[in-house]
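Enquirer: This is the structure I have questions about; it appears just below.
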Amino acid sequence: MKRPSEAAPPLALVVDDDFTVRLLVRQTLENAGIAVAEADDGSRGLHDLVRLDPDIVLLDVMMPGKNGFEVCAEARALAAHSRTPILMMTGLDDTESVNHAYEAGATDFITKPITWPILAHRCRYMLRASQALDRLARSEARLADAQRLARLGHWDWDLSTHEIYRSPEALRILGCSGALAPMDYAAFAALVHPSDRGELDAAVRRALDEAQPYSLEYRIVRADGAERVLHEQAVVECDRTQRPMRIHGTTQDITERRQAEQRIRRLALYDTLTELPNRQFFKEQLGHSLAHAKRLEQKVGVLVLDLDRFKRINETLGHNIGDQLLAAVGARLTQSLRSADYVTRADTAPVAGNLARLGGDEFTIQVTGLAQAADVAKVARRILRALSHPFHLGGQEVVVTASAGIAVYPDDGDDVDALLQNADSAMYHAKDQGKDNYQFFSPSMNVSSLAKLTLENQLRKAIERDELVLHYQPKVDAISWRIAGVEALIRWRHPERGMIAPMEFIPLAEETGLIVPIGDWVLGEAARQAAIWRAAGFAPISIAVNMASPSFAQPDFVAKVAAVLAQANLEPGAIEIELTESVLMHDAEAARETLRALKRHGVALSIDDFGTGYSSLAYLKRFPIDTLKIDRSFVRDVIRNAEDASITRAIIALGKSLGLAVVAEGVETEAQAAFLRESGCTLMQGYLFSRPVCADDITAMLRGPVQLPLDAAA
């Protein structure tokens, strides 16, 4: 219906050249609750039809000008009135006229003389039928829109004729027009992907044999070559004898949904940086492999691989290069694995191996179908060889090595977590053995790992339990043999094991991140001791504190140092920060700004282990350094090795030329001390003068010159 308001009565347009007929029709229809408009000829009737948009038209056949047949035909040509009910009123009762009326598009006809009560009933019936048709048309339009939005079409297969009707949306999904629609099952099956055709055929056969519905997914290949994924559901209708008569159902295009699911699955199961499977996917695959190996009584090897010194690459070259390196390592690992060590893809084909990135710089590989556990070593050797070749990243050549640990099912564990844990223990053992090698798991490694974990837990509590102490090693003036300064060296006074050397727990602190709070404690304790010695009236000496890279990189590092100095009320130079060359060169510009800020707070700055890193004159000129410390590796052989002697003299001369103090570390013999003194080195540190001792022992030494053998003091 096309009325503007549901409350308004329906409007009838009466087109008749007879005034009396129009009057009687008006009275009859108005009494029936129908509004009436009139036109006295066909042309005016067509004009009013467009202007008034009536709900029903009563049309006389015999009129001057355009007759009723012509008006009806032209009305039907108007899109807006293709379904408007038209009642032909005619005095002609021959069959030919009736047929002509219907051919012109009439909805119904009534012959004259008209029985007026019947006319009212017929008009009401036609209006109700028109309203029902309008509602049906709107419903069908909404259904078509819904199907188009859902990409859902329906179809009906008549088993007696073998013809298949498909809705417009079903045809669009298939990529067909109505003229090219597949009318039988064979033509439709030709569109189905060859790999899926057998499954569809089987589902249809079961439906026909058992009169049961089916639901499945399959792919089609359209005429334009596009591949789509469809979900189809169907039910079977049977006659009274339960013989199938027809199958009808729906077909939905779920291609985009499947693609989205695959993208989500990839995000959930794959590492975005290397595009390798992640830990979750690897564990799933390994679980399947273990179940398969258990049935066949086979072995499965798990290899955990970790890059050596990867942290240093991040610190020196930046995280962008680090990420590029991880992606390149993943690609090289993939290439180095042969078909027998198959790398997992997204498909479900059986695999013989599985490469994944567990996280950080750690990768893992599973190798199945092993004849013997030792065969995993072949894979490990091939991988380590492949990684030994340089990587070219961002215009730089990067060389890395890796350490690998191997655990074998069922010898080293019978579940996923146990195998990964044991392979991880073996990998850390490989690092302890010098890196760039592989190790098989042994039970003793778990004992070692447990001991390491226990030590870590105890170290976390060492500060709050006041178990850490500082020892001090003097730096001696080679002219006066008095203490010119000391280096603070941390010790751990363990309640059960006694004094633990820093070489045992400092690497663990760096690995676990505890080095930052430990560094803060050392700095505060050194400042406190400096204040004690100053209050006791001793001449000012500097206390050197070695700072690790994580501490120096803290955004609030300068503020921490300033707060410590202010609290202890120390004079400039009382605290000296020792840094290695690699710490400074990680981000040279940021390091220079930090060093300048420290200098403004009166902090002395020293380069530790000089000569073993970059040893660049350029950075010495850029950084506000006060002291160079010659690494003990040169001092140790300075008497026997001419090269070490030359390097040592050169460092001393370089320091003097730049106005820097030079400290020789590791002085243990009188001959070394004499050589250094003759070469112009005026500050020395080492066992010849004193081992690291407690603060009270240093207090005693501060009262006079250090006691040396006579020939050394001469």
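The values are calculated or read from the model by the stated rules, or taken from the named source; none is laboratory data. Every value quoted in this text rests on a predicted model; they were computed, and no experiment measured them. So basically every Cβ, Gly included, is an ideal-geometry build from the backbone, and we count neighbours across all protein chains shown. Calculation scope for accessible area: heavy atoms of the full protein, side chains included, ligands and nucleic acids excluded. Shrake-Rupley method; radii C 1.70, N 1.55, O 1.52, S 1.80 Å.
Enquirer: Under 8 Å by Cβ, and 6 or more places apart or on different chains, what pairs join a residue from the range 497-510 that is assigned to a loop (DSSP other than H, G, I, E, B) with one that is among the small types (Gly, Ala, Ser) and crowded, with 18+ Cβ neighbours inside 10 Å?
Expert: Sorted first by the residue in the range 497-510, then by its partner, the list stays empty.
Enquirer: OK, next. Show me the strands (runs of 3 or more DSSP E) found entirely inside the range 56-173 where at least 1 residues are within 30 Å of residue 220 (Cα to Cα), of a type in the set (A, V, I, L, M, F, W, C) and in contact with a strand residue (DSSP E or B) (Cβ under 6 Å, 6 or more places away or on another chain).
Expert: 152-158, 163-166
Enquirer: Would you confirm, using the coordinates I've provided, whether residue 228 is more than 22 Å from residue 158 (Cβ to Cβ) and buried (at least 16 other Cβ atoms within 10 Å of the Cβ)?
Expert: Answer is yes for this residue.
Rundown of residues vs (1) among the charged types (D, E, K, R); (2) at negative phi; (3) open to solvent by 70 Å² or more (accessible area, probe 1.4 Å), yes/no style:
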residue	(1), (2), (3)
11	no, yes, no
14	no, yes, no
18	yes, yes, no
26	yes, yes, no
30	yes, yes, yes
33	no, no, no
38	yes, yes, no
42	no, yes, no
46	no, yes, no
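One line per residue, one yes/no per condition, for (1) modelled with pLDDT under 90; (2) under 23 Å from residue 577 (Cβ atoms):
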| position | (1), (2) |
| --- | --- |
| 608 | yes, yes |
| 613 | yes, yes |
| 621 | yes, yes |
| 636 | no, no |
| 640 | no, no |
| 666 | no, yes |
| 670 | no, no |
| 706 | yes, no |
| 709 | yes, no |
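Enquirer: Among the residues in the range 566-573, are any out of contact with any helix residue (DSSP H, G or I) (no Cβ under 8 Å at 6 or more places or on another chain) and open to solvent by less than 30 Å² (accessible area, probe 1.4 Å)?
Expert: Yes, because at least one residue in the range 566-573 is out of contact with any helix residue (DSSP H, G or I) (no Cβ under 8 Å at 6 or more places or on another chain) and open to solvent by less than 30 Å² (accessible area, probe 1.4 Å).
Enquirer: Further question on the same structure: Would you confirm whether or not the range 238-256 contains a residue that is surrounded by fewer than 14 Cβ atoms within 10 Å (Cβ to Cβ), in a helix (DSSP H, G or I) and under 35 Å from the mean Cα position of the chain (by Cα)?
Expert: Yes, because at least one residue in the range 238-256 is surrounded by fewer than 14 Cβ atoms within 10 Å (Cβ to Cβ), in a helix (DSSP H, G or I) and under 35 Å from the mean Cα position of the chain (by Cα).
Enquirer: Do we have any residue at all in the range 286-302 that's farther than 30 Å from residue 156 by Cα, in a loop (DSSP other than H, G, I, E, B) and at pLDDT below 90? Give the derivation first.
Expert: Initial filter on the range 286-302 (farther than 30 Å from residue 156 by Cα): 286-302.
Next cut, in a loop (DSSP other than H, G, I, E, B) only: 297-298.
Those still in the list that are at pLDDT below 90 too: 297-298.
Yes, there is a match, as at least one residue in the range 286-302 is farther than 30 Å from residue 156 by Cα, in a loop (DSSP other than H, G, I, E, B) and at pLDDT below 90.
Enquirer: Now for a separate question. I'd like the full set of residues that are in contact with a Lys or Arg (Cβ under 6 Å, 6 or more places away or on another chain) and not in a strand (DSSP E or B), limited to the range 454-492.
Expert: The answer is 467, 478.
Enquirer: Take the residues in the range 624-644 that are in a loop (DSSP other than H, G, I, E, B) and of a type in the set (A, V, I, L, M, F, W, C); name whichever of them is farthest from residue 659 (Cα to Cα).
Expert: 639
Enquirer: Suppose the filter is within 28 Å of residue 675 (Cβ to Cβ) and either open to solvent by less than 50 Å² (accessible area, probe 1.4 Å) or at pLDDT below 90 (or both); does residue 603 pass it?
Expert: Values: within 28 Å of residue 675 (Cβ to Cβ): no; either open to solvent by less than 50 Å² (accessible area, probe 1.4 Å) or at pLDDT below 90 (or both): yes.
Considered against the rule, which asks whether it is within 28 Å of residue 675 (Cβ to Cβ) and either open to solvent by less than 50 Å² (accessible area, probe 1.4 Å) or at pLDDT below 90 (or both), residue 603 comes out as no.
For every residue, the table says whether it meets (1) open to solvent by less than 10 Å² (accessible area, probe 1.4 Å); (2) of a type in the set (A, V, I, L, M).
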site: 472; (1), (2): yes, no
site: 477; (1), (2): no, no
site: 490; (1), (2): no, yes
site: 504; (1), (2): no, no
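Enquirer: Let me ask you something else. Here is a list: 50, 61, 57. Which entry is in contact with a Leu (Cβ under 6 Å, 6 or more places away or on another chain), among the hydrophobic types (A, V, I, L, M, F, W, C) and in contact (Cβ under 8 Å) with a residue 24 or more places away in the chain?
Expert: When all the criteria are applied, what remains is 57.
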